[in-house]
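Since the structure comes first, as structure tokens, the remarks are kept for the end.
The numbers here are math on the coordinates, done by the rules we state, and not lab data. It should be emphasised that the depicted structure is a prediction, and the values quoted were computed from it without experimental measurement. Cβ sites come from the backbone with ideal geometry, for glycine too, and all protein chains shown count toward neighbours.
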Amino acid sequence: MRPHILWLSLLLQSVDLASGEAHAQHVLGSDARGGDVDSPKETPRAPGAELVDAAWVELRKINQPLRDRPQKQQGIFGTLLSLALKAVPTLRLTAPPTETLKSTLGGPLLRATKLLEESAATNNSDALYLLAEMNFYGNFSHPRNFKASFDYYKKLASVHGNSSAQHMVGLMYSTGIGGAVERDQARALLYYTFAANQGHTRAEMTVAHRYHAGISVPKSCENAVKYYKRVADKAIAWYRSGPPGGMGWVPESYRIADESGGVYGEGASVSSSGINAVKAHPNSDAYASIEDIIEYLDLISQKGDFKASYNLGRLYYEGQRGLPKNFKLASQYFLMVTQKFWKKNNRIAESFKPGLDKIACKAAGFLGRMHMRGEGYKQSFAQAKWWFERGMTHGDAQSQYGLGLLYLNGYGVDKNTAKAIQLLKAAAEQDYSPAEVQLGSLYLDQGYNDDPTVANHFFEMAARQGNLEAYYYIAEMNFFGVGRDKSCTAAVGYYKSVAERTEPLVSSWAEANLAYEDGDEELALLEYLTAAEQGYEKAQNNVAHLLDPGQSRLPIPDWLYPRAQKGALLEDPSLALIFWTRSSRQGNIDALVKMGDYYLYGIGTTADVDKAVQCYTGASEYHQSAQALYNLGWMHENGLGLNQDYHLAKRYYDMALETNDEAYLPVTLSLLKLRARSAWNTITNGRINSIQDEPETKKDWSLSEWIANFMQDDMLYYEEDGYDPMYDDDMPGGDGILGELDDGIFESVVIIGLVTALVFLVLYRQQRQQAARQQEEDAQRRQQQPQPGGQEQDRNQGFFPPPGDPNLGMWAAGGVGH
Ligand SMILES: *[C@@H]1O[C@H](CO)[C@@H](O)[C@H](O)[C@H]1NC(C)=O
Ligand SMILES: *[C@@H]1O[C@H](CO)[C@@H](O)[C@H](O)[C@H]1NC(C)=O
Ligand SMILES: *[C@@H]1O[C@H](CO)[C@@H](O)[C@H](O)[C@H]1NC(C)=O
């Protein structure tokens, strides 16, 4: 064991060293760049460099569109306004073809392009790169031209061996985006590997993902781990190059579809139903926007609610997607809390609301952290220590950890490892994950204890809370077989997480989201595409979602909203299928159901019902997608790809309902239709297996009784639900495109119509009979004493609501409508 630990500690030290160097280089680099602008460099310049400079002079004249985060509007008018704005086609979405634009745009862009082209003719790498980017991303409103872009990138890759260009060539071969080249996975892998072997981070991740998921190569854990480890090493070095406690950033990765309840909408998608359903009623926090939450918290915070102030402080300190960090506001809210508890001269308030002491200490911990890291304040270890000591008074874990860090590293205090460890242990006892990781690494590094299983234990505790460094340590221990058995599969999973989570270092998530929020779906697609190739499941899902021809992006009908024309770039269903497939391979069940749809209808591929059935079956097996079960039921009902079998169909519909009670209405409607078809099949002695548990086997029932019973079974649902046929169209998870292909629907309508007519006939006859009886009875009553006539009536009520009953209207309407 010991040599292993030595090995690992050496390795970790070298990483530390490297990170230190990287940091120093970073500082130097920024200095050098700062000087670059003012004074020209002495070193000999590449041919064509002056031309590039001249081009830049022109390009700077062009206003790049402002890429600030748009303030989200609130309320119905805000929403309407943003919808209206979205409806106005943007210039970029519908860019006219290259030639016309070149002549019309003119001005600085045209001059810059001319200069760059001249420079590119001398193989100047900057000119080639800039031209390639402008043609790919459309910077400076340059029209996109993927063929030209491909040529520039390829030239840059072959003449200069530039790894950024190799990566882009790989991307274009892999996706065939914009029709620049034929998709060719072998060449894609070749170019990606070139770039990866030169240390291009995104290419390394891409190659790793290909080996990990087996995309156009045989799966190979060894190869995957090799590349993922390289990225994870860089990622952790970057993380540690941050202020004490590690780099901080706001996670940006998310699935666009999840914002609207998943690719099949709220309730019908696996991502928003069953165990994933938002367990809340509509007017609770779960559906509130972050702006509303902040507004509300701010209101009660001003009224003196210290918990609200503290939570607001945390929200602003941590930030989240759509809410950038704001240290100034965070510190204001934290101070609001601490000032309630600590009065002048460090005196503690005599009387305070219960719980204030604990919360004030937590706020103090955050203030200490901000001073220690120089967030919102000038970095000051003395100030940090002062706040941490305050926070310690009621055992705040963050304060214990912070103080521990100060003593461990001798920041502003004399180094005191024993004291540091004592403090860290106190924090770890409260399950504070950074302290656990720090302790674990101390056990590992410094031979503090020669049993790496102790370290392992700490890392696992921290990993349960998703601590990035803990993931890295666990990956390393799995990879080298320290403290546990060597395991490539475990290591690769953790390395992948580490690599993917350091988003700002390795990915284009932030830019992609910004472009999407701006309404520039084409640019967003291009940015998500890179991340998707790198192996982010969420990006794969986004790419597929943006390309999905079957998506309805707005809940309102088309005629209300003339949909902006989808850019040509977004019309590529075969690419969508590729990314649904990759997303599903990473465990996304909704994507698997989508794949099934594509195979069923031949979207972006040739139709293949068997594959569709496979996808639906896979999605329904363990993970129980209601949509998949429903589709299987539908296929059994219509005999598409599966035997036509009404009984099985009903079982699938029932299972769909069990899986997801939010699919209640569409499934119930389908069941009603199915019952009608099954009944018709039985009546006409069809060869299809009918629903078995129907009372039609009881031969002694009269037809009217049978019909009544049949109708009543389903009527119960309507009465419970307060069914209104108007909801029919808006129902999420309705069979959507399935309905369009439904040949059986006409048949069903006819059947239901016939059944309804029968019911009315029976009803009419009964009423006539009843009326006649009534007349008889009345006549009898007039003659003699009243006679018991209710018996007969009671039996009738079992089947039909008595005439005049308000239920009758609704009951009949339900029968007619469906
Ligand atoms: C640019 O590179 C190409 C190779 O792709 C070469 O044929 C050509 O001579 C180079 N041009 C100059 C001016 O160096
Ligand atoms: C590729 O070339 C461009 C333009 O010269 C340069 O900015 C970039 O850093 C190069 N990439 C690498 C990895 O050297
Ligand atoms: C061009 O736009 C892309 C995407 O927004 C961006 O990543 C890239 O840095 C831009 N290039 C230049 C030269 O501005």
**Item:** Among 118-124, 648-654, the order from most to least packed when residues are scored by Cβ within 10 Å on average
**Value:** 648-654, 118-124
**Request:** Would you mind checking 344/419; 538/594; 303/343; 362/496; 219/594; 303/385 for any pair whose Cα atoms are more than 26 angstrom apart?
**Result:** 344/419; 362/496; 303/385
**Message:** Full-extension gain between residue 574 and residue 139, please, as 0.36 nm times their residue separation minus the C-alpha to C-alpha distance.
**Reply:** 153.9 nm
**Request:** Grab the Cα-Cα distance for residue 380 and residue 303, subtract it from 0.36 nm times how many residues apart they are, and report the gain in nm with one decimal.
**Result:** 24.5 nm
**Message:** For the pairs 358/415; 229/378; 229/358, flag any whose C-alpha to C-alpha distance is greater than 31 Å.
**Reply:** 229/378; 229/358
**Prompt:** How far apart, in nm, are two points set 7 Å out from the Cα along the Cα-to-Cβ line at residue 343 and at residue 320?
**Reply:** 3.7
**Request:** Would you mind ranking 469, 133 so that the residue whose beta carbon has the fewest other beta carbons within 10 Å leads the list?
**Result:** 133, 469
**Request:** Treat the count of other C-beta atoms within 10 Å as a stand-in for reagent exposure and order 299, 577, 529 from fewest to most.
**Result:** 299, 577, 529
**Request:** Please work out how much length the chain gains when fully extended from residue 53 to residue 605, using 0.36 nm per residue of separation minus the C-alpha to C-alpha distance, in nm with one decimal.
**Result:** 194.0 nm
**Fill in**
Assertion target for 636, 200, 394, ordered by fewest C-beta neighbours within 10 angstrom first, is 394, 200, 636
**Request:** Return the distance in nm (one decimal) between the two label points of a simple spin-label model at residue 505 and residue 289, each offset 7 Å from Cα along Cα→Cβ.
**Result:** 3.5
